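Q: Okay, here's the structure, questions in a sec.
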Amino acid sequence: MNFPEQKGVHELEAKANLLRRHVIRMIHAAGSGHPGGSLSAADIVTALFFKVMDHSPENVDSVDRDHFILSKGHAAPIYYAALAECGYFPVDELVTLRKLHSRLQGHPSRVKTKGVEMSTGSLGQGLSAANGLALALRMKGLDRRVYCLCGDGEMAEGQIWEAAMFASHYHLDNVICIVDRNGLQIDGRTEDVMSLEPLGDKWQAFGWNVLYMNGNDIGQVLDTLKAAKAHRGSPTVIVAKTVKGKGVSFMENNVGFHGKAPNDKEFEQAMKELGGSV
Amino acid sequence: MTWAVESQRKNYGKALVELGRTRKDIVVLDADLSGSTRTVEFAKAYPERFFNCGIAEQNMMGTAAGLALGGMTVFASTFAVFATGRAYDQVRQSIAYPDLNVKIVASHAGITVGMDGASHQTMEDIALMNAIPNMTVIVPADGPQTYRAVLAVAERPGPAYIRMGRSDVPVITSDKDEFVVGKASVMVDGSDIALVGTGQMVVPCLEAAEMLKQKGISARVINLSTIKPLDTATLIKAARECGAVVTAEEHNIVSGVGTLVAAALAESYPVPMQRVGMQDIFGQSGESDELMKEYGMGTKDVAAAAIKVMERKK
């Protein structure tokens, strides 16, 4: 097996904080971007890229590896931060996010960025691609997993439920969908904009194995992903309760930071809170 | 003129079975229309490589993209109105932008779908697919050309759209003809007017050329089967040698094939042009041949357009 790094929980927590600092630095440098949903997903992404998934820059073009699709494409900064720390491209390049001629597009592009497996950004589409990839893996006899990270707001897209039906119908137990349930979307609370609850029950009704976790508790994330990986016969969804903007006090549960860059003062404050230097 | 008639869809099914036999990476998806699109032939031959997606075209396109990520060459089929309209964003975002190896082969395009009415008569699909970067767009003229076009796109990596009609259509190409993506074919040579037909409109162009011959007019007939990449060399040569062009398409003339030809000529060798096609209105139920006459896409309409445009020749 080819795990890039084997880490204990404390080391992973430190890694998640490092990725959070990258996210803040990148978005501050770009002057635009989506910090809230990157920070809420930081612990999940860290667990996947630094512990759970078997992947490396050397086998980036191989189908015979674990796969990741970021359906909530606006969380590109946390994805890029993880890829850079895993060696897919230089960490120095992170601050080129959203700039002309940068490989780091505002939303992930598989054509532009090494390590990005699927282009996303138009919400609700990642899970369908994950299903297709999972089918291909099964046809090729490869015992690999496809992890698909979705936002909770995008659960309102009809295509998500088309994909949910498909994965269940074809028993795609190599698909693990993680819903970053931070409870906020651009226009406010998900339950005010478009009610999602009971979200887990909906997935269960579609034939999925449903697990719940605190998505900001790395120990729980690791345990839950382990259980998801062990489950056979049906696809697994993990409803991950998270805090939008997690780790930066003034961004936490603040819908204003869904898609806004911190100003210079906020940048300094955020970096301080995340234990880094400006 | 009389020709044998054949279904484009049956030829698609035949081509898929042939591809499936030699290539294990061929996977086929359909959205509950496998009997109509004839992907059912592949499903029968290789059930382990066929997946019905149900009536969920958006998910079908996304799933196709994922299969392509996994190294498969994917054919996804449904009616053209759904493939290009219902699932437009999925085709754009999940297939074309990531430049994935997905072939969208759609049937029942245009007004010849007939009785089902305007809800099913897409006349925008060529415009929609053509406007997406990375997309190859092919409109075969008959059954055998459909067969060859399907085999040809399977050899080329990247996204492609192939448009087929519902009706059986006259066989006007030969099995000996090679299909080259991006190459139009001159079916009849002529020097007074160029009739550029696409898909099922090539036959009215051939018939119109015969009618014009009776009047002493020498018409060149071009089968423009690849819409993107457009064979501008053949078009410019025709404009230069004939001095006037009529385009004929079973599609809206707004943003259709005629518009593309006009744009290509305008930048290189502009000549008087007339576009035959749907005049930016929705169709209605009816027999396909009735509808073609009703909406000005018959043989006489092509001939009349030729005479009209020739009056503007310098």
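The values are calculated or read from the model by the stated rules, or taken from the named source; none is laboratory data. Note that the structure is predicted; figures quoted are calculated from it, not measured. Glycine gets a Cβ as well: all are built from the backbone with ideal geometry, and neighbour counts include every protein chain shown. For accessibility, only protein heavy atoms count, side chains too; no ligands or nucleic acids. Shrake-Rupley method; radii C 1.70, N 1.55, O 1.52, S 1.80 Å.
Q: When you check B:MET123 against the structure, is it more than 10 Å from chain A (Cβ to nearest Cβ), assigned to a helix (DSSP H, G or I) and touching an Asp or Glu at 6+ places or on another chain (Cβ under 9 Å), yes or no?
A: It is false that B:MET123 is more than 10 Å from chain A (Cβ to nearest Cβ), assigned to a helix (DSSP H, G or I) and touching an Asp or Glu at 6+ places or on another chain (Cβ under 9 Å).
Q: I've got another one for you. Look at B:LEU67 and say whether it is open to solvent by 10 Å² or more (accessible area, probe 1.4 Å), at pLDDT 95 or above and assigned by TED's automatic domain parsing to the domain that holds B:THR122. Step through it out loud before you land on a result.
A: Working: open to solvent by 10 Å² or more (accessible area, probe 1.4 Å): no; at pLDDT 95 or above: yes; assigned by TED's automatic domain parsing to the domain that holds B:THR122: yes.
Answer is no for this residue.
Q: With respect to A:GLU93, is the statement that it is within 14 Å of another protein chain (Cβ to nearest Cβ) and on the phi < 0 side of the Ramachandran plot true?
A: Details: within 14 Å of another protein chain (Cβ to nearest Cβ): no; on the phi < 0 side of the Ramachandran plot: yes.
Answer is no for this residue.
Q: Report, by residue number, each residue of segment B:72-103 that is within 15 Å of B:PRO157 (Cβ to Cβ) and either in the same structural domain as B:ASP280 (by TED's automatic domain parsing) or touching a strand residue (DSSP E or B) at 6+ places or on another chain (Cβ under 7 Å) (or both).
A: Residues satisfying the conditions are B:MET72, B:THR73, B:VAL74, B:PHE75, B:ILE95, B:ASN101, B:VAL102, B:LYS103.
Q: From the list B:ALA109, B:ALA15, which residue is more than 8 Å from chain A (Cβ to nearest Cβ), under 22 Å from the mean Cα position of the chain (by Cα), more than 24 Å from A:VAL60 (Cα to Cα) and part of a helix (DSSP H, G or I)?
A: Values: B:ALA109 fails: part of a helix (DSSP H, G or I).
Criteria check complete, one pass: B:ALA15.
Q: Give all pairs with beta carbons closer than 6 Å in which a residue from segment B:4-23 that is closer than 10 Å to B:GLU41 by Cα meets a residue that is surrounded by fewer than 24 Cβ atoms within 10 Å (Cβ to Cβ); count only pairs at least 6 apart in sequence or on separate chains.
A: B:GLY13/B:GLU41; B:ALA15/B:LEU151; B:VAL17/B:GLU41; B:VAL17/B:ALA45
Q: A follow-up question, please. In a loop (DSSP other than H, G, I, E, B), small (Gly, Ala, Ser) and within 11 Å of chain A (Cβ to nearest Cβ): does that describe B:GLY71?
A: On the way: in a loop (DSSP other than H, G, I, E, B): yes; small (Gly, Ala, Ser): yes; within 11 Å of chain A (Cβ to nearest Cβ): yes.
Taking the combined requirement at face value, the residue satisfies it.
Results for (1) part of a helix (DSSP H, G or I); (2) open to solvent by 30 Å² or more (accessible area, probe 1.4 Å), shown as yes or no for each residue.
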residue: A:LEU19; (1), (2): yes, no
residue: A:HIS22; (1), (2): yes, no
residue: A:MET26; (1), (2): yes, no
residue: A:ILE69; (1), (2): no, no
residue: A:ALA75; (1), (2): yes, no
residue: A:ARG98; (1), (2): no, yes
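Q: While we're on this one: Across segment A:130-172, what is the total count of residues that are open to solvent by less than 10 Å² (accessible area, probe 1.4 Å), farther than 15 Å from A:VAL239 by Cα and touching a Phe, Trp or Tyr at 6+ places or on another chain (Cβ under 6 Å)?
A: Residues flagged as open to solvent by less than 10 Å² (accessible area, probe 1.4 Å), farther than 15 Å from A:VAL239 by Cα and touching a Phe, Trp or Tyr at 6+ places or on another chain (Cβ under 6 Å) within segment A:130-172 amount to 1.
Q: Which helices (runs of 4 or more DSSP H) sit wholly inside segment B:229-314 and have at least 3 residues that are under 30 Å from B:ASP116 (Cβ atoms) and open to solvent by 70 Å² or more (accessible area, probe 1.4 Å)?
A: On the way: elements: B:232-242, B:257-266, B:288-294, B:299-310.
The helices (runs of 4 or more DSSP H) meeting that bar are B:288-294.
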